[in-house]
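> Let me give you the structure first, and then I'll get to my questions.
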Amino acid sequence: MKTALTIAGSDSSGGAGIQADLKTFSVLGVYGMTAITAITAQNTLGVKEAFEVPVDLIRKQIDVTAGDIQVDATKTGMLSSIAIIEAVEDAIKRNNLLPYVCDPVMVSKSGTELLKKDAIAAMKKRLLPLATVITPNLHETAALTGVDRSIIDSVAVAKDEARRFQQMGVKAVVIKNIPAGDQTIDLFFDGKEFTEFAAKAQPSEKTHGSGCAFSAAITAGLANRMSLVEAIDQAKQLVNMAIQYSDGQGRGTAPVNVLAWSPKKK
């Protein structure tokens, strides 16, 4: 069995973060491991409180895990401070934790800031060029490329932003959830060619954890030796199914149900 390591925050309600990553790894047949960067008290209504795990403990979680079990692919999610970003960069390099998927988590679905503003530059400098692929949504794309979010309203504009990422040293990017009529497009750019992954627009009230599940699914695909395009295509299908079959847990934005991807017993 292939393995994957997620370096991210914990969601006490089980819908996003580490919990979503582990569920996604499991349904895709990958053994999941974790390094927890933050503990949050949150539910479907929002993040109520967050506690950063001490940097030395984050580093140690990664080192002792990778020192014992082969890591076939790695992803990062919530990395809230400059110190955490620097420690994670160092650990990924020292342990050769590639391929590496960077989900540049900045804000929760409810609007809570999960990446300090002074840490955005550190993420751009230290993690984006290191990643095999990055998976920003439109808000994160705007923050990282320095443009106004309101102008990223089409695939054509998103292509310009993808080229900006390339100029920043990014190897490959998937810009998520670009509106296109009754569809949403995930735009992939590998520095040479664009690939569009389209699907019918899904209800936003059932999308808690969708970004985490998407990046985790790409990570699992890479661990299983899929190509990037194959891994992204599988991730898109998994997330669409997970939103479609969300059973509406909670009183806010319901978590996606990645278990819907599990093979059904005859």
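The values are calculated or read from the model by the stated rules, or taken from the named source; none is laboratory data. Values in this document were obtained by computation on a predicted structure and should not be read as measured data. Cβ placement follows ideal geometry from the backbone for every residue including glycine, while neighbour counts extend to all protein chains displayed.
> Do we have any residue at all in the stretch 26-38 that's hydroxyl-bearing (Ser, Thr, Tyr), surrounded by 24 or more Cβ atoms within 10 Å (Cβ to Cβ), more than 13 Å from the chain's Cα centre (by Cα) and farther than 20 Å from Val170 by Cα?
Yes, the stretch 26-38 has at least one match.
> Just one of the numbered conditions (1) touching a residue at least 60 places away in the same chain (Cβ under 8 Å); (2) closer than 23 Å to Ser12 by Cβ is not true of Ala220; which one?
Just one mismatch for Ala220, condition (2).
> Can you tell me which of (1) crowded, with 22+ Cβ neighbours inside 10 Å; (2) farther than 25 Å from Val71 by Cα; (3) in contact with a Pro (Cβ under 8 Å, 6 or more places away or on another chain) is the one Asp186 doesn't meet?
(3)
> Hey, can you tell me all the residues within the stretch 120-167 that are aliphatic (A, V, I, L, M) and not in a helix (DSSP H, G or I)?
Matches in the stretch 120-167: Leu128, Leu130, Ala131, Val133, Ile134, Val147, Ile152.
> Being crowded, with 19+ Cβ neighbours inside 10 Å, modelled with pLDDT under 95 and either closer than 23 Å to Thr219 by Cα or not acidic (Asp, Glu) (or both) narrows it down to one residue among Ala143, Ala131; which is it?
Ala143
> Checking the condition under 16 Å from the mean Cα position of the chain (by Cα) and either modelled with pLDDT of 95 or more or not polar (S, T, N, Q) (or both), which residue from Val107, Val71, Val53 passes?
Values: Val71 fails: under 16 Å from the mean Cα position of the chain (by Cα); Val53 fails: under 16 Å from the mean Cα position of the chain (by Cα).
Answer to the selection: Val107.
> Let me ask something else. Being on the phi < 0 side of the Ramachandran plot and part of a loop (DSSP other than H, G, I, E, B) is true for just one of Gln61, Gln70. Which residue is that?
Values: Gln61 fails: part of a loop (DSSP other than H, G, I, E, B).
That would be Gln70, the only listed residue that is on the phi < 0 side of the Ramachandran plot and part of a loop (DSSP other than H, G, I, E, B).
> Restricted to the stretch 227-243, and to residues that are among the β-branched types (Val, Ile, Thr) and within 17 Å of Ile175 (Cα to Cα), which residue is surrounded by the fewest Cβ atoms within 10 Å (Cβ to Cβ)? So that I can check it myself, show each step before the final result.
Filtering the stretch 227-243 for residues among the β-branched types (Val, Ile, Thr) gives 229, 232, 239, 243.
From what is left, the residues that are within 17 Å of Ile175 (Cα to Cα) are 229, 232, 239.
On the way: Val229: 15, Ile232: 24, Val239: 28.
By that ranking, first place goes to Val229.
> Just give me the residues in the stretch 62-95 being touching a residue at least 40 places away in the same chain (Cβ under 8 Å), surrounded by fewer than 22 Cβ atoms within 10 Å (Cβ to Cβ) and of a type in the set (S, T, N, Q), in sequence order.
Matches in the stretch 62-95: Thr65, Gln70, Ser80.
> So, one more: Give the residue that is surrounded by the fewest Cβ atoms within 10 Å (Cβ to Cβ), with candidates limited to residues of the stretch 101-119 that are outside any loop (DSSP other than H, G, I, E, B) and in contact with a helix residue (DSSP H, G or I) (Cβ under 6 Å, 6 or more places away or on another chain).
Ala119
> To continue, here is another question. How many residues are of a type in the set (A, V, I, L, M), closer than 16 Å to Ala8 by Cβ and not in a helix (DSSP H, G or I) when one looks only at the stretch 42-58?
Final tally of qualifying residues: 3.
> Next question. For Ser215, state whether it is surrounded by fewer than 21 Cβ atoms within 10 Å (Cβ to Cβ) and either of a type in the set (S, T, N, Q) or closer than 27 Å to Gly32 by Cβ (or both).
Values: surrounded by fewer than 21 Cβ atoms within 10 Å (Cβ to Cβ): no; either of a type in the set (S, T, N, Q) or closer than 27 Å to Gly32 by Cβ (or both): yes.
So Ser215 does not fit the description; no.
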